[in-house]
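Notes for the one structure printed next.
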Amino acid sequence: MSEFNYEFDRLIGKIEHNITKLEERTLCIDRNLNLTINELHLLECIQKATKGEDGPTISTIAAELDITRPSTTVAVNKLKDKKFVEKVGCINDGRSVRIRLTPKGKKVFALHTEYHDGMAAALNECFSEEEKQAFAESLKKINDFYIAKLSEKEEEEDFDF
């Protein structure tokens, strides 16, 4: 592995770690929310998948987060016990259970959104317009690279028997 490849890979890992750690400290620890970073992101997924009065189903959440339905059920039940979400019957289909944020969950989601908006605004101040353009293009290339790699993995998995 070339030194550039090693440093690039190491830097991407550090950035990912630092983003997650700062978000967890700022929102979960400093505000004493009694949430993990994964639970916080689960709340975000639930809110973003909510349409009108109907929240998403466990299956929808599991698919969105690419985790199993049993793991999703356990995580949602923990959030329910902490009073961040509620389970309600579907308006159109009485057999279906939907997950919605409680007022407490909506407050945390608003804090999470505010945090991300603030971080983006603060980062925006660090760069000139030219640097922002180059940075955005670089991030898009990095994201496209990882999306392509994920697609390759999914295609490989399709051939498992």
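The values are calculated or read from the model by the stated rules, or taken from the named source; none is laboratory data. None of the values given here were measured: they were computed from a predicted structure. Because the Cβ atoms are built from the backbone with ideal geometry, glycine has one as well, and the counts that use them run over all protein chains shown.
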- request: Scan the stretch 119-140 for residues that are among the charged types (D, E, K, R), assigned to a helix (DSSP H, G or I) and more than 20 Å from the chain's Cα centre (by Cα) and jot them down.
  value: 129, 130, 131, 132, 137
message: Looking only at the stretch 55-70, count every residue that is out of contact with any strand residue (DSSP E or B) (no Cβ under 8 Å at 6 or more places or on another chain), among the small types (Gly, Ala, Ser) and surrounded by 14 or more Cβ atoms within 10 Å (Cβ to Cβ) and tell me the total.
response: 2
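For the stretch 48-66, indicate whether the set of residues that are within 23 Å of residue 22 (Cβ to Cβ) and not in a helix (DSSP H, G or I) is non-empty.
Of all residues in the stretch 48-66, those within 23 Å of residue 22 (Cβ to Cβ) come to 48, 65.
If we keep only those that are not in a helix (DSSP H, G or I) as well, we get none.
No, the stretch 48-66 has no match at all.
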task: Answer with yes or no whether residue 60 is over 25 Å from residue 150 (Cβ atoms) and outside the structural domain of residue 150 (by TED's automatic domain parsing).
output: no
- prompt: Which pairs have Cβ atoms under 9 Å, sit 6 or more apart or on different chains, and link a residue in the stretch 64-84 that is over 17 Å from residue 108 (Cβ atoms) to one that is in a loop (DSSP other than H, G, I, E, B)?
  reply: 64/56
- line: residue 86 passes all but one of the listed conditions (1) within 23 Å of residue 27 (Cα to Cα); (2) assigned to a helix (DSSP H, G or I); the exception is number (2)
query: assigned by TED's automatic domain parsing to the domain that holds residue 79, more than 21 Å from residue 22 (Cβ to Cβ) and surrounded by 10 or more Cβ atoms within 10 Å (Cβ to Cβ) - does that describe any residue in the stretch 105-123?
result: yes
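Say whether the condition of being of a type in the set (Gly, Ala, Ser) and not in a helix (DSSP H, G or I) is met by at least one residue in the stretch 109-118.
Here is the first cut: in the stretch 109-118, the ones of a type in the set (Gly, Ala, Ser) are 110, 118.
So of that shortlist, the ones also not in a helix (DSSP H, G or I) come out as none.
No; the residues of the stretch 109-118 include none that is of a type in the set (Gly, Ala, Ser) and not in a helix (DSSP H, G or I).
Identify, please: which residue in the stretch 23-54 is farther than 26 Å from residue 73 by Cβ and touching a residue at least 40 places away in the same chain (Cβ under 8 Å) and is, among those, surrounded by the fewest Cβ atoms within 10 Å (Cβ to Cβ)?
Ranking the candidates gives 31 first.
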